[in-house]
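The values are calculated or read from the model by the stated rules, or taken from the named source; none is laboratory data. Please read all numbers here as calculations on a predicted model, not as lab measurements. Every residue, glycine as well, gets a Cβ built from its backbone with ideal geometry; the counts of neighbours run over all protein chains shown. Heavy atoms of the whole protein, side chains included, go into the accessibility calculation; ligands, DNA and RNA do not. Shrake-Rupley method; radii C 1.70, N 1.55, O 1.52, S 1.80 Å.
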Amino acid sequence: EVVQPRSQQASLTLTGEVQARFRADLSFRVSGRVIARFVDVGSHVEAGQVLALLDPAEQQADVDAATAAVVAAESQLRVAKATFERQKSLISSGFTTRPVYDQAQEGLRTAEGVLDAAKAQLGSANDALGYTALRAEAAGVITSRSLEVGQVVQAAQPVFALAQDGERDAVFEVYEAAFFADLNGSQVSLALVSDPGVTARGYVREVSPAI
């Protein structure tokens, strides 16, 4: 074979890792004690699937208190409405004064505001109760887990990592000299180390120097 100089290397063989293009850390939105875990590393999950549960006692108590506050506010509003309607009828007949009428009207507005605030608080409490169940945001594979049943976790603490189904990237560590070549758009042939018979083709999507 005749060896001849070339301006650049014709091919480059590297060992890398196939990764999901989109990955996400999953965490609870509220703090609490884990009472159930339904998946482990390697489990395939569907979007919306429950992965783990927190003890909902605290959040349920908040819902009960907020529900009671709504009931009380509704009762106060009924009284305020009746009072205002009575003063409205009396003022048209001249049997009450304007200050008393205005006070009844203001009481009605206040009662309506209290009810709106109580309903908003109930909505927030129901949301928090729903957050005691951690659900997968998309279909994919669990790649890491950092919680156990009985463990107390904090809100926003990552407890699972999810590699989403769909597009995959082959990630390689490339030695410095390779960056002198124009790799963007270059075709890449892939084969599994564990089974060379499994092959695929792709293109260089991004070249990023290590930091």
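Quick notes on this structure:
- The set of residues in region 149-169 that are open to solvent by 50 Å² or more (accessible area, probe 1.4 Å) and assigned to a loop (DSSP other than H, G, I, E, B) comprises Val149, Gln151, Gln154, Ala156, Gln157, Asp165, Gly166, Glu167.
- For region 83-121, taking the residues that are open to solvent by 70 Å² or more (accessible area, probe 1.4 Å) and within 31 Å of the chain's Cα centre (by Cα), the one that is farthest from Ala66 (Cα to Cα) is identified as Asp116.
- Candidates Val30, Val34, Val18 - the one that is within 30 Å of Ala161 (Cα to Cα), assigned to a loop (DSSP other than H, G, I, E, B) and open to solvent by less than 100 Å² (accessible area, probe 1.4 Å): Val30
- Qualifying residue in region 180-191 (condition: exposed (fewer than 13 other Cβ atoms within 10 Å of the Cβ), part of a helix (DSSP H, G or I), modelled with pLDDT under 95 and not charged (D, E, K, R)): yes
- Looking across Ser146, Ser124, one residue alone is exposed (fewer than 15 other Cβ atoms within 10 Å of the Cβ) and within 30 Å of Gly166 (Cβ to Cβ). It is Ser146.
- Summed over region 32-91, residues that are hydroxyl-bearing (Ser, Thr, Tyr), under 15 Å from Lys119 (Cβ atoms) and without any contact (Cβ under 8 Å) to a residue 40 or more places away in the chain total 1.
- Count of region 127-142 residues which are at pLDDT 95 or above, open to solvent by 60 Å² or more (accessible area, probe 1.4 Å) and in contact with a strand residue (DSSP E or B) (Cβ under 9 Å, 6 or more places away or on another chain): 2
- Any hit, region 56-77, residues being touching a Ser or Thr at 6+ places or on another chain (Cβ under 6 Å) and either loosely packed, with under 15 Cβ neighbours inside 10 Å or assigned to a loop (DSSP other than H, G, I, E, B) (or both): yes
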